[in-house]
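Written below as structure tokens is the structure these notes are about.
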Amino acid sequence: MGLGEAKRVVTNKKLKGLGEMAFAVGGGPVNWFPGHMAAATRAIRDRLKLADLVVEVRDARIPFSSASHHLQPQLSSKRRVVALNKKDLANPNIMPKWIRYFDSCSTNQDCVAINAHSKTSVNKLLELVEFKLREVISREPTLLVLVVGVPNVGKSALINSIHQIASSRFPVQEKMKRATVGPLPGVTQDIAGYKIAHQPSIYVLDTPGVLVPSIPDIETGLKLALTGSVKDSVVGEERIAQYLLAVLNTRGTPLHWKHLNNRRLEGIRYDSKEKHEYNLKDLRPKRRKLPNDSDVFYVEDLVTEVQCALYLTLLEFTGNVEDESDLEGLIEQQFVALQKAFKIPHKASEARLMVSKKLLTLFRAGKLGPFILDDVPDANTVS
């Protein structure tokens, strides 16, 4: 995919359905529905028939693009809670609009923004689940709640938090296997259940992460890739970073960074006498190494350099970001500026790839700010 195509993705909202994305390096189609996902889909559909309520986990940064699109016909007939996870990474000014949108779509549907790693946040979700069930069903002895979601929306983290809460509420319940959490999309393959309430008994069932068999358009595919629901190696880190820069530039985001009021933009630097060995990979979820003060200052200063690089290149840009070739030239300049900001050797053969990986890591960790990449649809749009 060339930059021109990424640009059209950002500005053209009337894209035709593509059936499948052709992001492979050689231009061939990608198999988006491997065998374990097909089997998981059949298992989910079987369990949907038995479920009294469904919690559909989505990424708060892409509330629409991260939907389990191929399951929507079955989900629309169920009592449902749309849990917008990773709310700490999403723009808090836009989030209420999304919640109102989902709440207005159906009387059987509610929406809540959560952080799956926060027990307080997860407890509020479970309170809503219990309320919705007890509001409708008061005499059933056992109720089943099914958790569904595409890969890497944080569904496994949510299940693990539910497991901890369930264990504290009912410590004598049968020991269940925790959800398997891995760094790559689609690793959760076990189905387990946890009791969260009594009279009536409410059990939460986990399901494997399933990506839609056909992604409706390139824009959806790029958003899923940018937020980690599609493996970087499939789409290509440089292409994803290119798309990210196109989004930032067309929104004018770097120009707003000038107005941030914190120590990073006040010129404060942490001068370490020793060569810093902190790895940006440690910013990823489930990191084992906790940062010390030196690490925090190092990351903040690095973010400052990145923000300044993108701010200055956009500020000095004399072209039109709506023009395909102009935007392409701007992004090329930004890659050069980012290489300097990241202190990557000028002659490094994989400099662009290294720049892309580091930029994506900062974005996914929320270091470039909170974002929501989807636009709130009209009220009559199917959710």
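The values are calculated or read from the model by the stated rules, or taken from the named source; none is laboratory data. Values in this document were obtained by computation on a predicted structure and should not be read as measured data. Every residue, glycine among them, receives a Cβ derived from its backbone with ideal geometry; neighbour counts consider all protein chains shown.
Any residue that is modelled with pLDDT of 70 or more, assigned to a helix (DSSP H, G or I) and surrounded by 14 or more Cβ atoms within 10 Å (Cβ to Cβ) - is there at least one of those in the stretch 56-70? Taking every residue of the stretch 56-70 in turn, at least one turns out to be modelled with pLDDT of 70 or more, assigned to a helix (DSSP H, G or I) and surrounded by 14 or more Cβ atoms within 10 Å (Cβ to Cβ). The single condition from (1) at pLDDT below 80; (2) surrounded by fewer than 16 Cβ atoms within 10 Å (Cβ to Cβ) that A179 fails is (2). Checked against (1) surrounded by fewer than 17 Cβ atoms within 10 Å (Cβ to Cβ); (2) within 23 Å of R251 (Cα to Cα); (3) of a type in the set (G, A, S); (4) assigned by TED's automatic domain parsing to the domain that holds L310, G369 passes all but condition (4). Considered as a group, the residues in the stretch 73-108 that are touching a residue at least 12 places away in the same chain (Cβ under 8 Å) and of a type in the set (K, R) include one that is surrounded by the most Cβ atoms within 10 Å (Cβ to Cβ), and that residue is K86.
Here is a list: I331, I344. Which entry is assigned by TED's automatic domain parsing to the domain that holds K223, surrounded by 15 or more Cβ atoms within 10 Å (Cβ to Cβ), in a loop (DSSP other than H, G, I, E, B) and out of contact with any Gly (no Cβ under 7 Å at 6 or more places or on another chain)?
Values: I331 fails: in a loop (DSSP other than H, G, I, E, B).
So the residue among I331, I344 that is assigned by TED's automatic domain parsing to the domain that holds K223, surrounded by 15 or more Cβ atoms within 10 Å (Cβ to Cβ), in a loop (DSSP other than H, G, I, E, B) and out of contact with any Gly (no Cβ under 7 Å at 6 or more places or on another chain) is I344.
Among the residues of the stretch 334-383, those identified as aliphatic (A, V, I, L, M) and modelled with pLDDT under 90 are A348, A379, V382.
G209 meets all of the listed conditions (1) within 21 Å of G366 (Cα to Cα); (2) modelled with pLDDT under 65; (3) in a loop (DSSP other than H, G, I, E, B) but one, namely (1).
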